[in-house]
Amino acid sequence: MRRAFLRAILPALGLIACGKQESVPLPAPTQSAAQPASSLSAVGSSAAGPAESSPKSPSAAVVDSSCAEQAAQDFLVRAHLNSGSMKSVQAQLSWLSDLQRSIRYRTEQYGYYEGYGLHAWNLRRLDSQMRSVKFFGRSVQMHERVIPALRCVETAIEHDCADQPYRPRLLAGFRTNNTYFGGDVSNHVYGIAIDIDPNDNPCCNCVKPWRDNPRCRGKKTDLERMTMPACWITAFERFGFYWLGHDELKDTMHFEFLGDPARIIASPSPP
């Protein structure tokens, strides 16, 4: 019933109905000669406006005064197809409203992806805004607007997770093919999502072979299925990222920036 409903209404909203949403992590993209790797602290964009700070734990010290803490925006979280039960028509319509708003917002902020939304909302190509950067010594391609947030996360992890050393071996960021279905667009397409060590931090409700990972077997908590320390999740969430381990996909490798890119850097204090 839900699939028939989506097929009927998504074309009217200018979206594409493809079936069930799945996240398919891919290997990290190769570094382009036209986009040389640079340090996280060297690439970024200026921002203005006060930050919407998320609650801060006593141990979560601010280690970089230029970093503004913020939570993921609720409507972007709700736009995930798997984030709600979708059992009623009202719930489906509410989700479709959030999805349409989400696609327009991401298009305006980051760039147009063909087939979703309107090109007039943003004429800039997505791939022209991607940069190869280092995160804990590993190269990853991300949208230039969210690189400052990733820098803030790395600084916080180095400060707050020193007693739980963890170094990623494989990262995946921007990709050109959409691997979400049901009308949504993967945030990897916008260059605002990062996967960390897919084999060690599995997506247990994704398509095969990811859900066949041995770590997904048996009764375990999400944290027990992964090797990444919990303090990494806390650090990402302090600076506008959403962890897809909260989602029904249980995609523990995946973080996506759902904050406001204009509020990543704190406004200077008045003299």
Regarding the range 146-153, can at least one residue be identified that is out of contact with any Phe, Trp or Tyr (no Cβ under 8 Å at 6 or more places or on another chain) and within 16 Å of D260 (Cβ to Cβ)?
yes
Taking the range 239-271 and keeping residues touching a residue at least 60 places away in the same chain (Cβ under 8 Å), more than 15 Å from S186 (Cβ to Cβ) and assigned to a loop (DSSP other than H, G, I, E, B) leaves G240, E248, G259, D260, I264, A266, S267
Six or more apart or on different chains, Cβ atoms under 9 Å: show the pairs whose first residue is in the range 107-125 and more than 18 Å from L96 (Cβ to Cβ) and whose second is outside any loop (DSSP other than H, G, I, E, B) and small (G, A, S).
Q109/A262; G111/S128; Y112/A120
Residue among I147, I157 that alone is aliphatic (A, V, I, L, M), over 30 Å from D98 (Cβ atoms) and buried (at least 16 other Cβ atoms within 10 Å of the Cβ):
I157
I'm trying to understand the selection: among the residues of the range 203-228, which are surrounded by 13 or more Cβ atoms within 10 Å (Cβ to Cβ) and not in a helix (DSSP H, G or I)?
C203, C204, N205, C206, V207, N213, D222, M226, T227, M228
If a residue must be in contact with a strand residue (DSSP E or B) (Cβ under 6 Å, 6 or more places away or on another chain) and of a type in the set (A, V, I, L, M), how many such residues does the range 151-170 contain?
1
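Taken together, the values in this text are just the output of simple stated rules run on the coordinates, not laboratory data. Just so it is clear, the model here is predicted, and its values are computed rather than measured. Neighbour counts are summed over all protein chains in view; Cβ atoms, including those assigned to glycine, are modelled from backbone coordinates with ideal geometry.
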